[in-house]
Amino acid sequence: MSDVRIGIFVCHCGKNIGGVINVPEVTEYAKTLPDVVYAEHNLYTCSAEGISSIRQKISEHKLNRVVVASCTPRTHETLFRNACEAAGLNKYLFEFVNIRDQCSWVHMQEPEKATEKARDLIRMGVAKARLLEPLEEVEIRVTPSCLVIGGGVAGMSAALNLANQGFEVYLVERDKELGGLLLNLNRLFTINGKAEEVIIPLIERVKNHQKIKVHTSTEVKGVAGFIGNFDVTLDQKGEERKIKVGTIIVATGAEVLKPVGQYGYGDKSNILTQLELEERLNKGMGDEQNIVMINCVGARIPERPYCGRICCMVAIKNAVLIKENDPRAKVWVLHRDLMTYGTEFEKYYQKAMEKGIRFIRYSLDKPPEIVGNNKVKAVKVYHQLMGKEMVLPCDMLVLTTPLIPHEDNQDISRMLRVSLSEHGFFLEAHLKLQPVEFATDGIYICGCARWPTDVPEAISQACAASAKAVIPMRRGYVRPEAITASVNEDKCSGCGTCVLLCPYNAIELQSKDGKKLAHITTAQCKGCGTCGAACPSGAISMNHFRDEEILAQVEALVI
Amino acid sequence: MNNSVLIIGGGIAGIQAAIDSANMGFQVCLVEKSPSIGGRMAQLDKTFPTNDCAMCILAPKMIEAGQHANIKLLTYSEVLSVEGEVGKFKAKIKKKARSVDEEKCTGCGICIEKCPWKADSEFDAGMGKRKAIYVPFPQAIPNVPVIDREHCAYFLKGKCRACERFCEAGAINYDQEDEIIEVEAKAIILATGFDLYDPTPLREYGYGRIQNVITAMEYERLSSASGPTAGELKRPSDGKIVSDIAFIQCVGSRDVRSNRYCSSVCCMYGTKEAILAYEHRPGTKSTIFYIDLRAVGKRFQEYIQRAEDEYNITYIRGRPGNIELNRRNQNPTIWYEDTTTGETKSLEVELAILCQALIPPRDIQKTASILSIELDEYGFVKTPDGLSHPVDTTRAGILACGCVHSPKDIPDSVVQASAAAARAAEILSGGT
């Protein structure tokens, strides 16, 4: 007689599952499966009531395996595992069956077939649960120091927050000086204060902080290891140096698009980007009286669909500064949608209108045209509200271009084993609720390297990234998942296939009794299974996904 | 009670700040005025631009906050006073009487089932009913009901006691009194979020007069599977399931008569709601009236593009001037000028949704005076140096995050929440 006692909890998820699948029927079916001693269904298994029911039923029915059939392990696995653990059950004796994403959502129009599939998936889950084994997690020490890559406003703000909490920070900047993009800016919206008044004091505070070690003209050449124990190689003009850190924050920023070839940029002498205009404003403007700005140059077009978020504000700011510098000057801002979101930006826009700056909306199917050969003399634009084309005199044409990702984001992403989004910016773990975390533990992201931001947003994100980084450092240890690969040394032939394939550099060949054998650093292994699938000798098995567990699932499906 | 960080407001911002502070090892007291944490995000059906179900991604965070050893939850509670200064604040908190013993209650829900008295559900934005003894929504944390004494027959007329009779745990306690709890904190994080603009004063849109003109939050509850219609888009006048709808942007935003500021999220939530309408009933036609289509976040432009290409959504630039009622079929007719062509036109739809502004919490003046912090001209929390210290307030040791600062979306609120936790940690570490 088997001593396996399985309990099953089937979730309605309100109408998400219950609206399509016949949950009570599926629950009754689950009771008939081998070794299942208890089954119930809940309106929301993840509610406090559902969780306490899991705990209660584990002790009441002496359950030693728990299966929840509900949504996705991505959001809910930890929760249900913790419920098992709280009731004294090893959390790896829990099995998740996803009948929402894989049944009710994708087969919304076919409720009967969705219900049938739910039965199949639960039967497979039970087949696996019968074979589950308890696993123990190892505790890894966390080195209480952080590597911050990028010495702009985001990187420096993160470094200061970490250092003020007593953690050692290595701040690495590839340029000669700290400061980043802000060094090239004139004034900052919405207060119109000098950029240097923000950035210079910040640089001073960073340089003078005992806990921050600044490495300028330095690049990160290599990163090995894992959360708590990253081995980092720095390269300062050919001179290498190794450091050990517990966490890493990426704050490498972005760059401004140069619109070569657009509207004659590069050919005609009186066309600037907003960034070039900042420099002119800083040094002092000439006698240009008619200034035309065109927004969304290189943004919100099929080749680059995203909106640069801050470009509208940059244009309005520079228009205001021109006007304040010379109230007789005429400034037109040709825009598509004006992205002055929130309280402060909208107020700033209204003030700009009051100052006499003219805003004209254009659409992508009727873009502005420039008039003039060597220089832009005028800009033609179709004025939607007036319903006619206007010709604006133009002494200076300013093109508003978005921030774009650095080209070497690719290299950094490969080195750190973190992802980039389709736009080329770094990709956070979850767009809504984990905006400053990467899917890789111990590495965090902030500022324009993630997405274009203004200064306050960059600082907020920097502090947020710091908040995430200090959590493991304050605790002093982490416990990664115990779902890892393990090597059967009797079967291993030492061929090294797994070493080459492992995306986390977690495997190396070690000599043992005169034989080469694959050795897995458990703390570094993410349990992806690549090695296990590739091993020609069948020597590697995946905890929690052992061959017999998978085969039992397949068998349960085809019977 | 001695807590290192006092967090006021249990929406997504307050929850995130609490979890981060607690995971850093600090003691946290999280105060929420309603019976459950969760806030506005809990009311939403899905979230842009991923269409993640709001409750599905929020519930694990609520449970984490509810079960964390370092977090003390005080729900159905209000801060009465704050004394002291950074490093040694002392707050008095009123824990209102639930009339249900939190220790004894098992959350079985029999009291709610048996209660014969009903009131409008705040959680469902008044679109549905709840009992006089209720939990606001199924995933509530804590899962302990509260008796609404203003609608309970026992409190009004001295008889009923149905809940008490059926409660096996003996948890009902009509004599429970408000409790005053003193909390010490080294830093305070304010995260009381926002309220929604009531469009009744904008008479031209007919809200309150034309039944099939509703607000965006009312629509969220209609659209939500946990809402009063179980996710069926039944319009108020006759329960007809709608397939031709319109959204009006900037209702109470960017308007000299109400609020001049932009509410940041309406273009996106309007688009999301239109996409959801199509998903509920493929083929549904939506028209969105806007001034500027503000889609500045990651994957937002792509979301708008998909809305147009795949979800039968049309964007018209113009702020409608009037909504009339077609008495024959109860349809609202929207009069507008398409500003890209200059033409004045009308559009009859089955349901019109007003994308209402986000406004400061209605009790923000009181909160500000209790905390001795300054507000900006609109009533949002003022930041003395918004450029370099975006989550600070005018009083040292008191930080603010999320929409109480200014309207913003969920990722930006979550970022600020973590940033506020980081700033609090800096203060608690003796920094500045």
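The values are calculated or read from the model by the stated rules, or taken from the named source; none is laboratory data. A quick note: this is a predicted structure, and the numbers were derived from the prediction, not measured. So basically every Cβ, Gly included, is an ideal-geometry build from the backbone, and we count neighbours across all protein chains shown. For accessibility, only protein heavy atoms count, side chains too; no ligands or nucleic acids. Shrake-Rupley method; radii C 1.70, N 1.55, O 1.52, S 1.80 Å.
Entry note, chain A: the mean residue ellipticity at 222 nm calculated from DSSP H runs of n ≥ 4, each adding -39500 (n - 2.57), is -9500 deg cm²/dmol after division by the residues and rounding to the nearest 500.
For chain B, the relative contact order comes to 18 percent (Cα pairs under 8 Å, sequence separation of at least 6). Between the residues B:VAL86, B:PRO138, B:GLY39, the greatest Cα displacement towards the positive end of the dipole of chain B, with unit charges on the Cβ of Lys, Arg, Asp and Glu, is found for B:PRO138. Measuring between their Cα centroids, the range A:475-551 and the range A:351-427 lie 51 Å from each other. Around the amide H of B:LEU196, modelled in the peptide plane, lie the amide H atoms of B:ILE359, all under 5 Å away and 5 or more residues distant in sequence or on another chain. Partners of B:LYS186 within straight-line reach, counting lysines whose Cα lies under 18 Å from its Cα and excluding those fewer than 8 residues away in the same chain: B:LYS72, B:LYS88, B:LYS90, B:LYS92.
Near B:ALA140, once Lys and Arg are set to +1 and Asp and Glu to -1 for all other residues with Cβ below 13 Å from its Cβ, the sum equals -2. List the DSSP H helices in chain B whose Cα atoms stretch 24 Å or more along the helix axis and whose mean Kyte-Doolittle hydropathy is at least -1.0. Helices meeting the span and hydropathy rule in chain B are B:410-428.
Near the amide H of A:GLU437, within less than 5 Å, lie the amide hydrogens of A:ALA429, A:HIS430, A:ILE445, all on another chain or at least 5 residues away, with H placed in the peptide plane.
Taking the Cα centre of the protein assembly as shown as origin and assigning +1 to Lys and Arg Cβ atoms and -1 to Asp and Glu Cβ atoms, the resulting dipole is close to 980 debye. Here the contact order of chain A, divided by its residue count and restricted to Cα pairs under 8 Å and six or more residues apart, works out to 14 percent.
Between the C-alpha center of the range A:42-101 and that of the range B:332-383 there is a gap of 42 Å. Phi-derived couplings, Karplus 6.51 cos²θ - 1.76 cosθ + 1.60 at θ = phi - 60°, listed residue by residue for the range B:96-113: 5, 5, 7, 6, 9, 6, 4, 6, 7, 4, 9, x, 6, x, 5, 4, 5, 4 Hz, with x used for Gly and Pro. For the range A:95-102, 3J(HN,Hα) computed residue by residue from phi via the Karplus equation (6.51, -1.76, 1.60; θ = phi - 60°) reads 10, 9, 10, 9, 9, 8, 4, 8 Hz, glycine and proline entered as x. For a straight C-alpha distance cut-off of 17 angstrom, the aspartates and glutamates reachable from A:LYS221 (same-chain residues fewer than eight places away being disregarded) are A:GLU173, A:ASP175, A:ASP231, A:ASP235, A:GLU239, A:GLU240, A:GLU407, A:ASP408, A:ASP411. In straight-distance terms, cross-link reach from A:LYS62 covers every one of the lysines whose alpha-carbon lies under 16 Å from its own, apart from those fewer than eight places away in the same chain; here that gives A:LYS31, A:LYS91. Over the range A:485-543, Cα pairs under 8 Å with separation of 6+ residues give a relative contact order of 47 percent. In the structure shown, the pairs B:LYS285/B:LYS345; B:LYS96/B:LYS159; B:LYS46/B:LYS234; B:LYS118/B:LYS234; A:LYS15/B:LYS298; A:LYS366/B:LYS46 are assessed against 25 Å; a Cα-Cα span above that value is assigned to A:LYS15/B:LYS298; A:LYS366/B:LYS46. Using the alpha-carbon centroid of each, what span in Å lies between the range B:52-114 and the range A:167-232? That distance is 40 Å. Once the partner protein chains are put back, the range A:443-463 shows a loss of at least 10 square angstrom of accessible area, versus the chain by itself, at A:ARG450, A:TRP451, A:VAL455, A:PRO456, A:ILE459, A:SER460, A:GLN461, A:CYS463 (probe 1.4 Å, ligands and nucleic acids excluded). Think of a 1.4 Å ball rolled over the protein heavy atoms: the protein assembly as shown then has 40 Å² of accessible area per residue. Legend: residues in the range B:28-63 shielded by at least 40 square angstrom of accessible surface upon adding the remaining protein chains to the isolated chain (1.4 Å probe, heavy atoms) are B:CYS56, B:ILE57, B:PRO60, B:ILE63.
Using a 1.4 angstrom probe on protein heavy atoms only, the contact between B and A buries about 6200 square angstrom of accessible area, both sides summed. Measuring against 28 Å, Cα to Cα, the residue pairs A:LYS351/A:LYS468; B:LYS61/B:LYS94; A:LYS330/A:LYS375; A:LYS432/B:LYS240 contain A:LYS351/A:LYS468; A:LYS432/B:LYS240 as the ones spanning a longer distance.
Taking the protein heavy atoms of the protein assembly as shown in the context of the full set of protein chains, the accessible area attributed to carbon and sulfur is 47 percent at 1.4 Å.
Helices meeting the span-like rule in chain A (full DSSP H runs, Cα extent of at least 15 Å along the helix axis, mean Kyte-Doolittle score of 0.5 or higher): A:153-164, A:311-325, A:547-558.
Remark: the range B:73-90, residue by residue, has Karplus-estimated 3J(HN,Hα) of 8, 10, 8, 6, 9, 9, 7, 8, 7, 9, 10, x, 8, 3, x, 8, 7, 10 Hz, where x stands for each Gly or Pro and the curve is 6.51 cos²θ - 1.76 cosθ + 1.60 at θ = phi - 60°. A Gaussian network model of chain B, with springs between Cα atoms under 10 Å, assigns the largest mean-square fluctuation among B:CYS160, B:CYS403, B:CYS152 to B:CYS160. For the range A:323-348, a drop of 40 Å² or more in accessible area on going from the chain alone to the assembled protein chains (1.4 Å probe) is found at A:ASP337, A:MET339, A:TYR341, A:GLY342, A:THR343, A:GLU346, A:LYS347.
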